[in-house]
Each structure stands twice: as C-alpha cells, then as structure tokens.
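Note sheet for the following structure.
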Amino acid sequence: MIDHDRLFKELLSNFFPEFIELFFPDISAEWERDSVQFLPLEVITDVTEGEKKILDIVVQASLKSQDTLFIIHTEHQSYSQTGFNRRMFTYFARLHEKYALPIYPIVIYSHDSPKTPEPNSYRLELAKKIILEFNYDVIQLNQLHWQDFVNQRNPVASALMAKMRMSTTERPQVKLTSLQLLTSLRLNPARVQLISGFIDTYLELNSQEEVVFQEQLATIEPKEQEKVMQIVTSWMRQGEKQGELKLLMRQLNRRLGEISPQLKGRIENLSTPELENLGEALLDFSSVEDLEAWFENLS
C-alpha cells in the first residue's frame, strides 16, 4: 500500500516555497521567502467524528516591507470525502483561535477519481440569510493536465506531473518528461532522490510501458539521456537492495527468531556490500548474540 499522506507531506515539507511559487504566485510575490517557519504539529479533536487529526502542514511567514505575519495551512487528501469542507472550516477556526493571524487555507487532492471538482467553500444559511461563508483554495491534480507544467522549472511540478491528468498511453512519456525536468534543476542528490522516488512510486511502469519508455529515452540528447539513466540506475540498485534486505530478514527470522526493531533498523542502514557480508556470516549464527557480535566487529 502506498502511504500517500507521507509522500505528499515529505514533498511539500522539503519544497514548500517552490509549491507556493508554482500554484500561488501572488503569495510568493508578496511574502518574504526566507521568513517561512514550520509551526509545531497541531492536533485537532473532531468531536462529531470522534477522532483526532494532526494537521498536515502549517507554516508562518511575513509579508514584504510589512511587520505582518500570516499562516498558510495546507492539507493533502488522497480521496474524496463528504463533508471535508466543514472539516477545513473547523481547522481554520482552531488555528485562528490559537494564533489570531490571517490564515490562507489550501487543500491538495491527489485521487485519480472521481474527476468532478471538489468543493472549495463551506457555507451556512438560515432563513435566507448567509450566516457564514468560508472559502479555501483547492488544487485538484486530476483536473490539471501534465502538459501545462512541462516548462515550469520547478521541482514540485516535476513530481506532481506524475499525478496529473493523462491518458494511459501517455504514462511513459510523462515519466520521461518529469525526469528530464528534474535533471535540469541542479538539485542536490538527496532532493533528486526524494522527487525521483515520488515519480517512480506513482508512475511505476509495466513491461510494455517500460519498452516505450526506453524507446523514447533513446531519442533525447545523449547528455540528457545519461542524466536520466543515472536516476533509473539508482532505482534499480535500490530495488535490488530492498530485495536482498527482504531475503536476509526472512533468513534471520527463521534462524534466530523475531529480530528486535533496533537490530532491524541497523540492518536496514547497511550498505549493499555489508548486506552481502551479513548474508554469508549468518550461516554461522545460532543466536541473536551472534548478530550483535557481528555488528560490534563491523564498527
């Protein structure tokens, strides 16, 4: 199962200014980019639903040439949910009560269907009188066409094209285009890995699509082709490592019993050569103490 909320929160947390620049240029033109500050996690108790919710992203920023602070609250939704507009108002009210600052609310929807527009307001009327009208911005990715973002030199565009509207036959082309945009941005390796992993998660190609991808890759400039292939090779290596790690954990659990979370974490942090060495060494293990001793010798 794909952890959609984790992937989107990771993307937006690492590229929040770029996210605002891409979708809300009016805000990015007025704010002090360097003033962006992530606020502590907010836990909201929904009494009617009987559940607690941790708000996704709440940042504080200041406006240019003004001693004025404001808050941007961004929620990600991986599915359409009846009554979510009321919930957004509840979040807004709680944040406004706590911080007493102007709040700009945003929802980003990443579901594939339905494609009908999601609500962007919450309204209360009584006896033909409007008691409340609360508005927020919605970014509904299945309403946006990937081709409209091809020329946006923005890492968030590179990632989110993978979830925008496309035909099934366009999937290999979208993946290649996203990677070409990514390689042109000159990001550090960690940021490239974050975005490329996002793209590969949402555009995992089947064997036929992979053939088309490779054919299209062969038609681009050799230098660009090499940069894209470096990312693809990195995916392959990561996939091989994950496969080797799964096999190793099965062997260890069978031989030594259930491995503690602490030891499992240390194993997951091993390099590929170290995993191979552990795979050979475990043949002589008879207890968890042997595994711990192996780690002591490693360090």
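Since every read-out is calculated from the coordinates, none of them should be taken as a lab result. On a predicted model such as this, the values are computed, not experimentally measured, just so you know. No Cβ is skipped: glycine too gets one built from the backbone with ideal geometry, and neighbour counts run over all protein chains shown.
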>> For a quick check: with amide H placed at 1.01 Å from N, whose amide H comes under 5 Å from Thr68's, ignoring anything fewer than 5 positions away on the same chain?
In response: Leu63
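Restricting to Cα pairs below 8 Å that are 6+ residues apart, what does the relative contact order work out to for the range 1-81? Please round to a whole percent. Walk me through the numbers on the way to the answer.
Numbers: 94 pairs, mean separation 20.9, N = 81.
Relative contact order comes out at 26 percent.
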> Which length gain, in nm to one decimal place, applies between Leu247 and Asn297 when the Cα-Cα distance is subtracted from 0.36 nm times their residue separation?
Replying inline: 15.7 nm
>> How would Lys53, Lys64, Lys175 line up from fewest to most surrounding beta-carbon atoms within 10 angstrom?
In response: Lys64, Lys53, Lys175
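Taking 21 Å as the cut-off for C-alpha to C-alpha distance, list the pairs among Lys9/Lys52; Lys9/Lys53; Lys53/Lys163; Lys52/Lys98; Lys98/Lys129 that go past it. Walk me through the numbers on the way to the answer.
Numbers: Lys9/Lys52 18 Å; Lys9/Lys53 14 Å; Lys53/Lys163 25 Å; Lys52/Lys98 17 Å; Lys98/Lys129 28 Å.
Exceeds cut-off: Lys53/Lys163; Lys98/Lys129.
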> In square nanometres, what is one fourth of the surface area of the convex hull spanned by the alpha carbons of the range 123-245?
Replying inline: 11.4
>> To check my understanding: the extent here is largest minus smallest coordinate of the Cα atoms along each principal axis. What are those three numbers for the range 2-122, in Å, largest first?
In response: 41, 30, 24
>> As a footprinting exposure proxy, order His4, His73 by other Cβ within 10 Å, with the fewest listed first.
In response: His4, His73
> Add -39500 (n - 2.57) for each DSSP H run of 4 or more in the chain, then divide by its residues: what number comes out at 222 nm, to the nearest 500 deg cm²/dmol?
Replying inline: -15500 deg cm²/dmol
>> Quick check: residue separation of Thr116 and Glu30 times 0.36 nm, minus the Cα distance between them. What number comes out in nm?
In response: 27.8 nm
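If you take the alpha carbon radius of gyration of the chain and divide it by 2.2 N^0.38 Å, what ratio comes out, to two decimals?
Details: Rg = 23.6 Å, N = 299, 2.2 N^0.38 = 19.2 Å.
Taking the Cα Rg and dividing by 2.2 N^0.38 Å, one obtains 1.23.
Taking neighbour counts of Cβ atoms within 10 Å as a proxy for exposure, in what order, fewest first, do Met229, Met166, Met1, Met161 appear?
Numbers: Met229 13, Met166 18, Met1 3, Met161 27.
Least to most surrounded, the residues fall as Met1, Met229, Met166, Met161.
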> Tell me, what is the percent relative contact order of the chain, built from C-alpha pairs under 8 Å that lie six or more residues apart?
Replying inline: 10
>> If each residue of separation counts as 0.36 nm, what is the full-extension length gain between Phe38 and Glu10 once their alpha-carbon separation is subtracted?
In response: 8.8 nm
>> What is the sum of charges, Lys and Arg at +1 and Asp and Glu at -1, for the other residues whose Cβ falls under 11 Å from the Cβ of Trp31?
In response: -3
>> Please compute the contact order of the range 1-143 in relative form: average sequence separation of alpha-carbon pairs under 8 Å and at least six residues apart, divided by the residue count, as a percent.
In response: 17
> Near the amide H of Ile108, under 5 Å away, which other amide H atoms are found, from residues 5 or more places off or on another chain, if H is placed in the peptide plane?
Replying inline: Glu75, His76, Gln77, Ile139
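Applying a 10 Å radius around every beta-carbon, put 104-112, 261-269 in order of their mean neighbour count, most first.
Working: 104-112: 19.6, 261-269: 12.1.
Ranking, from highest mean packing down: 104-112, 261-269.
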